[in-house]
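Chemist: Input: one structure, supplied below.
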Amino acid sequence: MKACQLKLKISAQVRIKDNYWHCEFSAPQIAKIALPGQFIDIRVNDLCEPLLRRPISIHGVSRAKIKIFYAVVGKATEILARKRTGEYLDIIGPLGSGFALGKQKTVNSKQMLVAGGMGVAPLMFLAEKLTEGRKQRAENRITVLIGAKTKKQLLCADDFKKLGCIVKIATDDGSQGFHGKVTDLLHNLSSDFRSLPSAIYACGPKPMLQAVADISNQRGFPAQLSLEEHMSCGIGACLGCVVKTQAGFKRVCKEGPVFNSRDLVW
Amino acid sequence: MKTNLSVEIGKLKLKNPVMVSSGTFGYAEEFKDFIDLSKLGAIVTKTITLKPRRGNPAPRTCETSAGMLNSIGLENPGIEVFIQEKLPFLKKLGVPIIMSVASEEEPEEFLELVARLDIIEAVAAIELNISCPNVREKASLIAQDPEATYKIVQEVRKITNKTLITKLSPNVTSIADIAQSAEDAGSDAVSLINTLAGMSIDIKQRKPKISVGIAGLSGPAIRPIAVKMVWEVFNKVKIPIIGMGGIIDTASALEFILAGATAVSIGTANFINPKISLEIISGLKKYLIENKIGDVNELVGSVKI
Ligand SMILES: Cc1cc2nc3c(=O)[nH]c(=O)nc-3n(C[C@H](O)[C@H](O)[C@H](O)COP(=O)(O)OP(=O)(O)OC[C@H]3O[C@@H](n4cnc5c(N)ncnc54)[C@H](O)[C@@H]3O)c2cc1C
Ligand SMILES: Cc1cc2nc3c(=O)[nH]c(=O)nc-3n(C[C@H](O)[C@H](O)[C@H](O)COP(=O)(O)O)c2cc1C
Ligand code: FES
């Protein structure tokens with residue numbers, strides 16, 4: 001699939017809460033071919049500060065538009081949040097290899113998405129694609145586990161519900177839902193044969209993904225994990241963004257960001 | 001107005017003086033979606049070694065003020081896999097391919113590598129990377145020692161007639177002396193600069209931001225140092241210079257040419273704007289026309305001091 005470098009117009013930029021923002025671009029070329037799990041690489045200004053592009057997942061696609069969901073955490077994301085509707089940004093995308101979706105006609109509650117913090121970003125697009133045009137009967141819905149530090153930092157729960165997903169929440173401080181890690185919640189669920197997942201798609205901080213990999217490898221169900229690594233080029237040229245796999249180092253920006261849990265070496 | 005952009009580096013004729021640097025352009029295939037590769041003056045491959053190298057653990061790169069650090073550790077598939085899997089694509093582009101090579105066990109490995117490449121027609125020139133800061137466990141680089149530089153270039157010179165370029169390190173007291181050794185030993189050109197040794201620390205974790213600690217600094221932050229080094233080398237040797245280090249636009253490319261570089265090479269800027277090399281080619285042409293200069297070669301080293 002061909003990626004392109006484009007000047008994209010911001011068609012919407014909305015603060016969701018605190019330091020979390022939605023931004024939308026008109027990008028027919030990207031919207032047409034984007035797959036869940038893929039990302040775009042954004043240059044936030046023409047200066048040397050910040051120097052490099054920043055990778056952000058594709059959060060959703062509607063017709064000719066693509067949407068991102070990001071947290072302001074530093075220089076580049078701060079500048080990004082100051083951009084307004086109508087302004088243009090230099091963007092490369094879609095990049096990376098996304099989630100493998102499988103070919104089942106119906107979705108089911110045994111397909112589980114597991115998100116930690118900002119990890120909801122690519123999983124929203126995935127949930128849209130998984131449910132799109134497929135039957136989602138009441139007793140047969142996808143399950144989404146969302147983890148956050150506190151209730152305040154919980155993201156996208158209502159959006160997943162709107163898609164008809166079963167949402168289960170875990171917070172580190174117990175301020176909402178299960179008191180503990182989202183991976184403890186996953187562990188509990190998968191201890192029961194009836195709620196053993198058939199496939200897992202996960203995105204979040206590294207320790208969380210490692211715990212998901214451990215559980216899935218123990219219980220023997222496949223898990224696709226979306227990883228993050230610092231990226232310089234985003235297009236596979238610098239070899240900067242590697243993770244260790246059974247077959248040696250692989251580039252998160254090219255062979256990833258989605259990897260099969262069985263292939264990773266932690 | 002007719003303008004000439006073509007330049008000569010040893011036996012190599014480049015249609016324009018803009019090339020892309022080793023390690024910042026992959027094996028060119030990574031850029032095919034974004035630019036017309038056939039327009040480049042030349043392509044320098046990621047450094048290749050005799051045996052495959054796995055490279056260093058992550059994190060391998062981090063951003064710094066107007067620059068970046070990297071310690072990839074020369075990850076590459078080794079010469080044979082390169083020839084089988086990467087060269088066929090490069091061959092078809094119609095652009096001179098400059099093979100960057102390095103060795104841990106110099107000079108034997110260097111000689112074996114060069115002998116292997118010497119018989120491949122698609123290889124237009126060989127760049128000896130004796131200046132990679134991210135490969136040797138030993139503290140010093142060949143490019144930090146005038147005698148070691150002389151010795152390796154001389155040995156390699158004996159076994160190939162291809163254009164030989166020696167890539168120099170800025171982590172030295174006098175880069176001009178090293179350039180002199182390379183010239184004396186028969187190098188057709190020198191390219192400079194490789195990255196400057198640097199370090200960056202994460203104060204929260206109190207750990208270096210790059211897994212192995214010390215890494216190589218590149219990008220606009222190093223440009224004034226690189227331009228100065230090109231100027232010093234230009235004043236010392238007669239062989240052509242390929243200048244690089246922080247070029248991000250036409251103006252910065254021109255600085256290198258004015259300081260004495262016959263060709264320029266784009267590195268880190270490829271990550272920021274994959275089209276930058278082609279934009280610089282057009283920019284150079286425009287500069288020549290605007291300043292009524294018929295030939296880019298007239299500009300080389302023409303800074304007035
Ligand atoms: C494939 C991929 C998809 C991503 N998708 C999203 C997304 O959808 N939404 C979102 O908000 N963020 C996402 N990120 C993370 C995002 O790229 C970083 O938050 C961003 O680059 C920070 O830039 P900054 O200049 O604002 O922060 P900086 O000033 O560069 O850094 C601030 C802090 O963030 C950390 N950081 C910076 N870059 C990364 C990175 N690539 N990975 C991990 N930590 C980093 C730094 O170490 C530092 O602690 C994604 C990262 C990758 C690799
Ligand atoms: C990620 C990265 C990898 C590099 N790998 C190599 C390499 O394999 N061989 C080499 O000779 N130089 C390598 N370099 C150095 C560049 O070729 C160049 O000399 C240096 O980055 C300075 O130019 P710049 O500031 O334009 O990037 C690398 C640089 C970067 C940023
Ligand atoms: S970011 Fe350069 S190879 Fe992945």
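The values are calculated or read from the model by the stated rules, or taken from the named source; none is laboratory data. The structure presented is a predicted model; accordingly, all values stated were derived computationally and were not measured. Neighbour counts run over all protein chains shown; Cβ positions are idealised from the backbone, glycine included.
Chemist: State whether the residues of the stretch A:182-192 include one that is within 14 Å of another protein chain (Cβ to nearest Cβ), free of Cβ contacts under 8 Å to residues at least 24 places away in the same chain and surrounded by fewer than 18 Cβ atoms within 10 Å (Cβ to Cβ).
Modeler: Looking only at the stretch A:182-192, we keep the residues that are within 14 Å of another protein chain (Cβ to nearest Cβ), and these are none.
No, the stretch A:182-192 has no match at all.
Chemist: Looking only at residues that are within 11 Å of chain B (Cβ to nearest Cβ) and touching a residue at least 60 places away in the same chain (Cβ under 8 Å) in the stretch A:1-49, which one is surrounded by the most Cβ atoms within 10 Å (Cβ to Cβ)?
Modeler: A:D41
Chemist: Which residue out of B:G243, B:G301, B:G216 is modelled with pLDDT of 95 or more, in contact with a Gly (Cβ under 8 Å, 6 or more places away or on another chain) and at positive phi?
Modeler: Numbers: B:G243 fails: at positive phi; B:G216 fails: at positive phi.
Among B:G243, B:G301, B:G216, only B:G301 is modelled with pLDDT of 95 or more, in contact with a Gly (Cβ under 8 Å, 6 or more places away or on another chain) and at positive phi.
Chemist: (1) touching a residue at least 60 places away in the same chain (Cβ under 8 Å); (2) within 14 Å of chain B (Cβ to nearest Cβ); (3) under 19 Å from the mean Cα position of the chain (by Cα): which one isn't true of A:I200, the others all being true?
Modeler: (2)
Chemist: While we're on this one: Looking at B:I119, B:I79, can you tell me which residue is β-branched (V, I, T) and farther than 22 Å from B:K11 by Cα?
Modeler: Numbers: B:I119 fails: farther than 22 Å from B:K11 by Cα.
Result: B:I79 is the single residue among B:I119, B:I79 that is β-branched (V, I, T) and farther than 22 Å from B:K11 by Cα.
Yes/no per residue for (1) within 18 Å of B:I222 (Cβ to Cβ); (2) β-branched (V, I, T); (3) within 16 Å of ligand 3 (Cβ to nearest atom); (4) part of a loop (DSSP other than H, G, I, E, B):
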{"position": "B:G245", "(1), (2), (3), (4)": "yes, no, no, yes"}
{"position": "B:I248", "(1), (2), (3), (4)": "yes, yes, no, yes"}
{"position": "B:A251", "(1), (2), (3), (4)": "yes, no, no, no"}
{"position": "B:V264", "(1), (2), (3), (4)": "yes, yes, no, no"}
{"position": "B:N270", "(1), (2), (3), (4)": "yes, no, yes, no"}
{"position": "B:P274", "(1), (2), (3), (4)": "no, no, yes, yes"}
{"position": "B:E279", "(1), (2), (3), (4)": "no, no, no, no"}
{"position": "B:S302", "(1), (2), (3), (4)": "no, no, no, yes"}
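Chemist: Just a yes or no: is a residue in the stretch B:11-25 within 16 Å of ligand 2 (Cβ to nearest atom) and surrounded by fewer than 24 Cβ atoms within 10 Å (Cβ to Cβ)?
Modeler: Filtering the stretch B:11-25 down to residues within 16 Å of ligand 2 (Cβ to nearest atom) leaves B:17-25.
So of that shortlist, the ones also surrounded by fewer than 24 Cβ atoms within 10 Å (Cβ to Cβ) come out as B:24.
Yes: the stretch B:11-25 contains one or more residues that are within 16 Å of ligand 2 (Cβ to nearest atom) and surrounded by fewer than 24 Cβ atoms within 10 Å (Cβ to Cβ).
Chemist: Which one is farthest from the chain's Cα centre (by Cα) among residues in the stretch A:30-49 that are away from ligand 3 (no atom under 16 Å from the Cβ) and within 16 Å of A:S226 (Cα to Cα)? Before the answer, list the steps.
Modeler: Within the stretch A:30-49, the first condition is being away from ligand 3 (no atom under 16 Å from the Cβ), and the residues that meet it are A:30-36, A:44-49.
From what's left, within 16 Å of A:S226 (Cα to Cα): A:34-36.
Values: A:A34: 13, A:L35: 11, A:P36: 8 Å.
Result: A:A34.
Chemist: What number of residues within the stretch A:216-250 satisfy the criterion of being surrounded by fewer than 24 Cβ atoms within 10 Å (Cβ to Cβ) and either in contact with a Cys (Cβ under 9 Å, 6 or more places away or on another chain) or among the charged types (D, E, K, R) (or both)?
Modeler: Residues flagged as surrounded by fewer than 24 Cβ atoms within 10 Å (Cβ to Cβ) and either in contact with a Cys (Cβ under 9 Å, 6 or more places away or on another chain) or among the charged types (D, E, K, R) (or both) within the stretch A:216-250 amount to 8.
Chemist: Also, quick follow-up: Which condition from (1) more than 16 Å from ligand 3 (Cβ to nearest atom); (2) surrounded by fewer than 19 Cβ atoms within 10 Å (Cβ to Cβ) is the one that B:M229 breaks?
Modeler: (2)
Chemist: Going through the stretch B:66-78 one residue at a time, which ones are touching a Pro at 6+ places or on another chain (Cβ under 9 Å) and either of a type in the set (S, T, N, Q) or away from chain A (no Cβ under 13 Å) (or both)?
Modeler: Once the filter is applied, which keeps residues that are touching a Pro at 6+ places or on another chain (Cβ under 9 Å) and either of a type in the set (S, T, N, Q) or away from chain A (no Cβ under 13 Å) (or both), the stretch B:66-78 yields B:S71, B:N76.
Chemist: Please verify whether A:G236 is within 12 Å of chain B (Cβ to nearest Cβ), among the small types (G, A, S) and in contact (Cβ under 8 Å) with a residue 12 or more places away in the chain, treating the condition exactly as stated. Quick ask: steps written out before the conclusion?
Modeler: Details: within 12 Å of chain B (Cβ to nearest Cβ): yes; among the small types (G, A, S): yes; in contact (Cβ under 8 Å) with a residue 12 or more places away in the chain: yes.
Answer is yes for this residue.
Chemist: Among B:T45, B:T3, which is the only one that is over 23 Å from B:V237 (Cα atoms), within 14 Å of chain A (Cβ to nearest Cβ) and in contact with a helix residue (DSSP H, G or I) (Cβ under 9 Å, 6 or more places away or on another chain)? Give the derivation first.
Modeler: Values: B:T3 fails: within 14 Å of chain A (Cβ to nearest Cβ).
Only one candidate passes the filter, namely B:T45.
Chemist: Among the residues of the stretch B:282-300, write down those that are loosely packed, with under 14 Cβ neighbours inside 10 Å and part of a helix (DSSP H, G or I). Before the answer, list the steps.
Modeler: Of the stretch B:282-300, the ones loosely packed, with under 14 Cβ neighbours inside 10 Å are B:282, B:286, B:289-292, B:294, B:298.
Matches in the stretch B:282-300: B:S282, B:K286, B:I289, B:E290, B:E298.
Chemist: Identify all residues within the stretch B:268-287 that are under 18 Å from B:G245 (Cβ atoms) and at the interface with another protein chain (Cβ under 10 Å from one of its Cβ atoms); write none if there are none.
Modeler: B:T268, B:A269, B:N270, B:F271, B:I272, B:N273
Chemist: I'd like to know if the stretch B:51-65 contains one or more residues that are hydrophobic (A, V, I, L, M, F, W, C) and more than 14 Å from ligand 3 (Cβ to nearest atom). Give the steps one after another, and end with the answer.
Modeler: Step one: filter the stretch B:51-65 for residues hydrophobic (A, V, I, L, M, F, W, C), giving B:58, B:62.
Okay, now just the ones that are also more than 14 Å from ligand 3 (Cβ to nearest atom), so none.
Checked against the condition, which is being hydrophobic (A, V, I, L, M, F, W, C) and more than 14 Å from ligand 3 (Cβ to nearest atom), the stretch B:51-65 yields no hits at all.
Residues are listed down the side, and each one gets a yes or a no for (1) touching a strand residue (DSSP E or B) at 6+ places or on another chain (Cβ under 8 Å); (2) among the hydrophobic types (A, V, I, L, M, F, W, C); (3) more than 16 Å from ligand 1 (Cβ to nearest atom):
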site	(1), (2), (3)
B:L37	yes, yes, yes
B:K46	yes, no, yes
B:L50	no, yes, yes
B:R60	yes, no, no
B:L69	yes, yes, no
B:P88	no, no, yes
B:I98	yes, yes, yes
B:A102	yes, yes, yes
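Chemist: Could you grab me the full set of residues in the stretch A:242-256 that are more than 13 Å from A:S226 (Cβ to Cβ) and either of a type outside the set (S, T, N, Q) or part of a loop (DSSP other than H, G, I, E, B) (or both)?
Modeler: First, the residues of the stretch A:242-256 that are more than 13 Å from A:S226 (Cβ to Cβ): A:242, A:244-251, A:254.
Scanning the stretch A:242-256 gives A:V242, A:K244, A:Q246, A:A247, A:G248, A:F249, A:K250, A:R251, A:K254.
Chemist: Any idea which residue in the stretch B:253-262 is farthest from B:I43 (Cα to Cα), counting only those that are among the small types (G, A, S) and either more than 16 Å from the chain's Cα centre (by Cα) or assigned to a helix (DSSP H, G or I) (or both)?
Modeler: Our first condition is that a residue be among the small types (G, A, S); within the stretch B:253-262, this holds for B:253, B:259-261.
With the extra rule that they be either more than 16 Å from the chain's Cα centre (by Cα) or assigned to a helix (DSSP H, G or I) (or both), the set shrinks to B:253, B:259.
Details: B:A253: 16, B:A259: 22 Å.
Across the stretch B:253-262, the extreme among qualifying residues is B:A259.
Chemist: Show me the strands (runs of 3 or more DSSP E) found entirely inside the stretch B:160-243 where at least 3 residues are under 30 Å from B:E121 (Cα atoms) and within 14 Å of chain A (Cβ to nearest Cβ). Spell out how you get there, then give the answer.
Modeler: Details: elements: B:163-167, B:189-192, B:196-198, B:215-218, B:241-243.
Result: empty, no element qualifies.
Chemist: Further question on the same structure: Which count do you get for residues in the stretch A:50-96 that are within 14 Å of another protein chain (Cβ to nearest Cβ), within 16 Å of ligand 3 (Cβ to nearest atom) and of a type in the set (S, T, Y)?
Modeler: 0
Chemist: Among (1) assigned to a loop (DSSP other than H, G, I, E, B); (2) without any contact (Cβ under 8 Å) to a residue 24 or more places away in the chain, where does B:M1 come up short?
Modeler: (2)
Chemist: Still on this structure, please answer the following. Can you name the residue in the stretch A:50-66 that is surrounded by fewer than 21 Cβ atoms within 10 Å (Cβ to Cβ) and free of Cβ contacts under 8 Å to residues at least 40 places away in the same chain and is also nearest to A:A237 (Cα to Cα) among such residues? Talk me through it step by step, then tell me what you get.
Modeler: Within the stretch A:50-66, the subset surrounded by fewer than 21 Cβ atoms within 10 Å (Cβ to Cβ) is A:50, A:62-65.
If we keep only those that are free of Cβ contacts under 8 Å to residues at least 40 places away in the same chain too, we end up with A:50, A:62-64.
Working: A:P50: 20, A:S62: 30, A:R63: 31, A:A64: 29 Å.
By that ranking, first place goes to A:P50.
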